[in-house]
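Here's the structure we're looking at; comments come further down.
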Amino acid sequence: MPTLKFDNSSSLSIVPSTSEKILTVTWQSEIKVPLSQIKSVRIRPSEAYKWVKGLKVGTDLPGVVTDATYHHGCGRKPDLHLYSTCKQAVAIDLDVEGDSAYGAIIIQVPNQTPEHVAQEIHKAAGLTGEIRDDQTLPIPNQES
């Protein structure tokens, strides 16, 4: 599972594990996302529960591991999925007009709840409003 690093309050670095690099066939040592390009953060995203997610490059063994890039076509940017449990996944929705290679990045961070990870990213990106839980009701924004 990837680790997160916030660099100088301007970008989020997602560092995939060695196995994730191999399984996703990306070989990227880290994925940098400018915080200004993060549009929203969701927990338990609905697309993690879908059987058909797009044209897959990587590995998707439901209930075991999902380390793959899904291409959608029609000019839409691909989504990167790095998680093993849908219930622990957090989606980072990115600005489609921005420089990011992805439209969304869906991750699971080890030893942290999805609510905590989402709050951390939400706060660092300076987002307002509630964090949506695609499987239940919105979670109120909690300042810590």
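The numbers here are math on the coordinates, done by the rules we state, and not lab data. Computed from a predicted model, the values in this text were never measured in an experiment. FYI the Cβ positions are ideal-geometry reconstructions off the backbone, even for glycines, and counts take in every protein chain you see.
Any aspartates and glutamates with Cα under 18 Å of the LYS77 Cα? List them, leaving off those in the same chain fewer than 8 positions away.
GLU47, ASP67, ASP93, ASP95, GLU97, ASP99
Under the rule a/c < 1.5 gives rounded, and otherwise a/b versus b/c splits prolate from oblate, where does the chain land using the Cα gyration tensor? Write out the running numbers ahead of the final one.
Numbers: a/c = 1.40, a/b = 1.26, b/c = 1.11.
Rounded is the answer for the chain, as its axis ratio a/c remains below 1.5.
Taking a spot 7 Å from the Cα of GLU130 along the direction of its beta carbon, which residues of the stretch 67-99 have an amide N less than 18 Å from it?
91
So how do 103-112, 39-48, 67-76 stack up, highest first, on mean other-Cβ count within 10 Å?
Numbers: 103-112: 18.4, 39-48: 20.3, 67-76: 14.8.
Output ranking for 103-112, 39-48, 67-76: 39-48, 103-112, 67-76.
Please give the helix 114-124 orientation as an angle from the longest Cα principal axis of the chain, in degrees from 0 to 90, rounded to the nearest 10.
60
Which entries of LYS56/LYS123; LYS50/LYS123; LYS5/LYS87 have Cα-Cα distances beyond 25 Å here?
Working: LYS56/LYS123 31 Å; LYS50/LYS123 28 Å; LYS5/LYS87 22 Å.
Among LYS56/LYS123; LYS50/LYS123; LYS5/LYS87, the Cα-Cα distance tops 25 Å for LYS56/LYS123; LYS50/LYS123.
Which of HIS116, SER13, VAL57 sits farthest toward the positive end of the charge dipole of the chain, with +1 on the Cβ of Lys and Arg and -1 on the Cβ of Asp and Glu?
Positive-most Cα among the choices belongs to VAL57.
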